[in-house]
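Report on the following structure.
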């Protein structure tokens, strides 16, 4: 990509590698320029979020537990 790009996390220590626009990981669809090191960290954070908040309900989950629904069909 362009040599003029600055890593969005440039204020943090540890920038290394080429800075490129990386794929959007959120529903916003926005891409941000990140260096290789900060992109790897961002992917680690995303893995943690997805592990903590899975897309589908766990097998032992019941809407009666907290009075909440996981999806549209749980009411």
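Please report the relative contact order for the chain, taking Cα pairs under 8 Å with a sequence separation of at least 6, and give it as a percent rounded to a whole number.
22
Against the longest principal axis of the chain, how steep is helix 36-52, in degrees 0 to 90 to the nearest 10, with axes from Cα atoms?
Taking the Cα atoms of the chain, the angle to 36-52 is about 0 degrees.
Tell me the mean residue ellipticity at 222 nm calculated for the chain from its helices only (DSSP H runs of n ≥ 4, each -39500 (n - 2.57), averaged over every residue, nearest 500).
-8500 deg cm²/dmol
Give the value in nm², to one decimal: projected area of the alpha carbon convex hull of region 1-54, averaged over all directions.
Average projection, Cα convex hull of region 1-54: 4.1 nm².
Rule-based calculations on the coordinates, nothing more; no lab input. Not measured: the values here are computed from a predicted model.
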